[in-house]
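Okay, so here's the structure we're looking at.
Taken together, the values in this text are just the output of simple stated rules run on the coordinates, not laboratory data. Because the structure is predicted, anything quoted here is derived from the model rather than measured. Cβ atoms come from the backbone with ideal geometry, glycine included; neighbour counts cover every protein chain shown.
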Amino acid sequence: MRRTLLIAALLTATPLLAHDGVKDPQVMARMDGMAAIGAATKTLGDMAKGQTPLHQAKARMARDTIVTQAGKISTLFEPEASDPKSEALPNIWTDWADFTAKGEALKAAAKGLDFTDQAALAASMRTLGGSCAACHKVYRK
């Protein structure tokens, strides 16, 4: 659980610094999509930790944001755009099938989020966090 929450915190904080000075619009669009996933993950993580009350509608909106943005990953990353501020590694495009499969795994993990209660959300957040980490370990600086 702590690892999942750490990932959520990093996803939320890092984009604020990374966006500063980005010149390539394609890279900016990717960063915006990842920032949306990070913010939604933080919302869910805060609910899973009990830092904020579990709110079904907010949880559903956060889940839907992750599902939607995860569904755009292959489209956003398909052009091999670069920018000095980008954290995307070049092996995204050489290992395209694996990269897009990891995007689909993130989408599936988000669809599988269970927010019937705090314990269920915390358990399903581990799967979501694992999906994030699996991609970031290989494809992100």
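For this structure, a couple of remarks:
- In a reduced charge model with +1 at each Lys and Arg Cβ and -1 at each Asp and Glu Cβ, the chain shows a dipole moment near 440 debye about its Cα centre.
- Once C-alpha pairs closer than 8 Å and six or more residues apart are averaged by separation and normalised to the residue number of segment 2-139, the relative contact order reads 31 percent.
- For residue 88, the residues 5 or more places off, or on other chains, whose built amide H falls under 5 Å of its own are 141.
- Highest-first arrangement of 54-61, 133-140, where packing means the average Cβ count within 10 Å: 133-140, 54-61
- Once the Cα-Cα distance is subtracted from the 0.36 nm per residue extended length, the residue 116 to residue 78 segment shows a gain of 10.1 nm.
- Kirkwood Rh and Cα Rg combined as Rg over Rh, evaluated for segment 51-141: 1.04
- Sites residue 134 and residue 32 - FRET efficiency at Förster radius 25 Å, r taken between beta-carbons, to 0.05: 0.70
- Listed peptides 35-44, 88-97 by packing density, highest first (mean Cβ within 10 Å): 35-44, 88-97
- Peptides ranked, highest mean first, by Cβ atoms within 10 Å: ranges 99-111, 71-83: 99-111, 71-83
- Over 30 Å apart at the Cα level, from the set 23/111; 49/85; 49/141, are 23/111; 49/85.
- Top of 98, 114, 64 by mean-square fluctuation, Gaussian network on the chain, Cα under 10 Å: 98
- Using R0 = 30 Å, the C-beta based FRET efficiency linking residue 123 and residue 96 works out to 0.40.
- Simple label model, 7 Å out from Cα along Cβ direction - residue 56 to residue 141, nm: 4.5
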